[in-house]
Amino acid sequence: MAVRDRIEVLEQPAEQRKNNFNEVALGYNYDMAKEEAKRCLQCKVPTCISGCPVGIDIPGFIREIVKENLEGSFKILKSYNYLPAICGRVCPQEVQCEGACVLSKVGKPINIGALERFVADWASENNVQFENTEYSKEIIIKNNKKRVAIIGSGPAGLTVASELGKRGYQIDIYEALHEFGGVLVYGIPEFRLPKSIVKKEIFDLEKLGVNFLKNIPVGYAIPVHEILEDYDAVFVGVGAGTPKFMGIPGSELNGVYSANEFLTRVNLMRAYKFPEYDTPIRVGKKAVVVGGGNTAMDAARSALRLGADVTIVYRRTEAEMPARKAEIHHAKEEGIKILTLATPVKYVGDENGNLIAIECVRMELGEPDESGRRRPVFVNGSNFIIEADTVIEAIGTEANKFLLSQFPDLKTNKYGYIITNEYGQTSIPKVFAGGDIVTGSATVILAMGAGKSAAQGIQKFLED
Amino acid sequence: MFEHSDTINKIISKRKLSKGIHELWIFNPFVSRHTKPGQFVIIKVSEKGERIPLTIAETNGDNFRIVVKAVGKSTYELCSLKQGDILFDVAGPLGKPSEVKFYGNVLVIGGGVGIAVIYTIAKALKEVGNKLTIIIGARTIDDLIMKDEFEFADRVIKATDDGSSGQKGTVIDFMEEELRNSKYDIIWAVGPAIMMKLASEAADKHNLPIWVSLNSIMIDGTGMCGGCRTLIKNEKDGEIKYVCVDGPEFDGRYVDWDSFMKRLNQYREQEKIALERYLDQIGDISWL
């Protein structure tokens, strides 16, 4: 029997979307969602679940869509994952649930991400509330005597908050910035993840009784020893937020940005709405983005929407780019150029300290390195100049030492990431950690998976 | 932990110190209880505002004091607020505290609103037993803020460009005179970038360490964006440091002032647009 094709989601056309910050993927309507849901084979042994870092009952929520019971479907989703509208949008499903779907063998996996998003958006639009009925009153009352501090309100922290909040623990979640969500609000652009979606899912957590405290740099506003004294357990999910710079000559020039700064200005501070919003950004006519990951794609597509002609410079070939294929495709569709096998070696400025050009060098692929990818090496004498008003380095991030510098007893590895056991427990028994500050830069859903394990670890610790 | 009260970030009192320079006391226990000299806060005045770093001038219980000079849209807006108004967001304290300890003979220099920054640092330096000479300066005696608040120091020199304080000259003129005539162990200098640059050059001639407090453009203030990065020259070549987490104080002899000052002008065009737009909205600025 021939397998029916995937139902593709509606998208804003490239010509239109490159001029706005509205969401690119428009998702399914109800009919499309039902049609797609019907393609699910409802496997006896569902491989998709094993591909999901938070173990959602995927066939279950899809089955309820077929049965036209969207409320039931939403309940299943929310009981495994408090952030379904976010995950449906930003998870790399192709290497997780959809990659593990049996239909991916014939190239037509179920579009699980789009279905998850559809159900979550439906619930939000219809104001469907998730009733927290999983746990008995007795358990909730018993747990409510214990207090847990969560430091950092990104995906890992939010997941710990939901898992422990559902069970009745008293949760205070501390955020140094003025909005909650971590990378969800400062990193991922509006056109991939509207901020209203993040706000809504955080609002659900507040209804669960989680106490959100913004503008509080823990370690500075509250000394670490006070946190350790005041709480029964602590979760550290501060991310790997410190940008790396290539450190080539001219890095101090105006117009040289880290992707973190560029995206934080655009996303958290809404610089794309300057002067309605006060935070400025400068992009000029020609922007160059260095790197090949998802952050590079986000930065490039943001710069494009701010009116620049954008080129991505990547030192390997497109096949080695770590970004999701769909994001590379979207970027190209919008008119972003990709220059592979090249890397900047010097930034050139004018007398006012403004970037005007980038000196690059050609690369070729040599022997494989420790990551298994062929190592790019310089082609001597191949230097060339490209004009640029802006360059955005998206070459990765490293451990954020902001909190850790105030927390010397917490053991870290040679890269500065926190050492934990499989349940996120650190060298200080009541302190748990998870997300990028443990693994190094990864994905939203992996941080959420880590949050889920840490929540289990914290529960066990508090019960013992 | 503290109870969040509805008055967090409320302006408890406000006073004009000189034309365009205003002092605000703000209620915020999170900031105030643990602030050490030299640290700063990030303030977002309104919902659509930008995040601006301001060094904390003093704390008292749950309140902290800042002194603001109106130079752009956000600082004009901040100066226009009244007692009882509530700031949208205040985060802090941030940054490394000043290296306060006993050095011996210390020279502390403040220019413009930098005078407010050196105030707590100087006070702390005095408390640990240092002999303290203060030089504060402005164009005229009327522009000289906090001029009567440094009585705790061993000597105070009030430099004015027009001599209206009785001491005519720039803070740099008086600093050079001091370095020629007395022996100092360390210097602090906070003020406009050009003043700190000149002070650093003077200190370098006498081989003296000099702490300056850099006022880079910042966003998060937690080491996350790298926007405040500054080139610090060491013996070999140079090293990029983040003002928000590695600073805000550095030895001014090693700061690459040229690129630092150019980076301060990064958004000059946009700043002009934002300020003009704001001034059009508010009209009368005679209160400033």
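Some points to look at:
- Some residue of segment A:75-96 being under 23 Å from A:V3 (Cα atoms), in a loop (DSSP other than H, G, I, E, B) and among the polar types (S, T, N, Q): yes
- A:V106 vs. criteria surrounded by fewer than 20 Cβ atoms within 10 Å (Cβ to Cβ) and hydrophobic (A, V, I, L, M, F, W, C): yes
- Residues that are in contact with a Cys (Cβ under 8 Å, 6 or more places away or on another chain), of a type outside the set (F, W, Y) and crowded, with 19+ Cβ neighbours inside 10 Å are absent from segment A:401-408.
- Hits in segment A:125-160 - residues which are part of a helix (DSSP H, G or I), crowded, with 18+ Cβ neighbours inside 10 Å and modelled with pLDDT of 90 or more: A:P155, A:A156, A:G157, A:L158, A:T159, A:V160
- Boolean, B:S200 is over 26 Å from A:V218 (Cα atoms) and within 14 Å of chain A (Cβ to nearest Cβ): no
- Scope segment A:39-68; condition without any contact (Cβ under 8 Å) to a residue 60 or more places away in the chain, surrounded by 14 or more Cβ atoms within 10 Å (Cβ to Cβ) and not in a loop (DSSP other than H, G, I, E, B); matching residues: A:T47, A:I49, A:I58, A:P59, A:G60, A:F61, A:I62, A:R63, A:E64, A:I65, A:V66
- Qualifying positions in segment B:46-79 - within 14 Å of another protein chain (Cβ to nearest Cβ) and of a type in the set (K, R): B:K48, B:R51, B:K73
- Scan segment A:260-286 for residues that are at the interface with chain B (Cβ under 9 Å from one of its Cβ atoms) and not in a helix (DSSP H, G or I) and the total you get is 12.
- On inspection, A:V198 does not qualify as in contact (Cβ under 8 Å) with a residue 60 or more places away in the chain and in contact with a strand residue (DSSP E or B) (Cβ under 8 Å, 6 or more places away or on another chain).
- From A:G372, A:G366, residue being outside any strand (DSSP E or B) and either more than 14 Å from every other protein chain (Cβ to nearest Cβ) or farther than 29 Å from A:S441 by Cβ (or both): A:G372
- Residues in segment B:86-115 that are outside any strand (DSSP E or B), over 24 Å from B:S46 (Cα atoms) and either of a type outside the set (D, E, K, R) or within 14 Å of another protein chain (Cβ to nearest Cβ) (or both): B:K96, B:P97, B:S98, B:V100, B:F102, B:Y103, B:G104, B:G112, B:G114, B:I115.
- Any hit, segment B:276-288, residues being over 22 Å from B:F40 (Cβ atoms) and under 20 Å from the mean Cα position of the chain (by Cα): yes
- Taking segment B:235-281 as the range and being assigned to a helix (DSSP H, G or I), within 11 Å of chain A (Cβ to nearest Cβ) and in contact with a strand residue (DSSP E or B) (Cβ under 7 Å, 6 or more places away or on another chain) as the test, the residues that pass are B:C244, B:S259, B:F260, B:K262, B:R263.
- Test: residue in segment B:35-49 that is in a strand (DSSP E or B) and closer than 30 Å to B:Y184 by Cα: yes
- Criterion (in contact with a strand residue (DSSP E or B) (Cβ under 8 Å, 6 or more places away or on another chain), aromatic (F, W, Y) and not in a strand (DSSP E or B)) met by exactly one of A:F235, A:F245: A:F245
- Scan of segment B:121-150 for residues that are of a type outside the set (D, E, K, R) and in a helix (DSSP H, G or I), ordered by number: B:I121, B:A122, B:A124, B:L125
The values are calculated or read from the model by the stated rules, or taken from the named source; none is laboratory data. Because the structure is predicted, anything quoted here is derived from the model rather than measured. In this analysis, Cβ positions are derived from the backbone assuming ideal geometry, glycine residues included, and neighbour counts consider all displayed protein chains.
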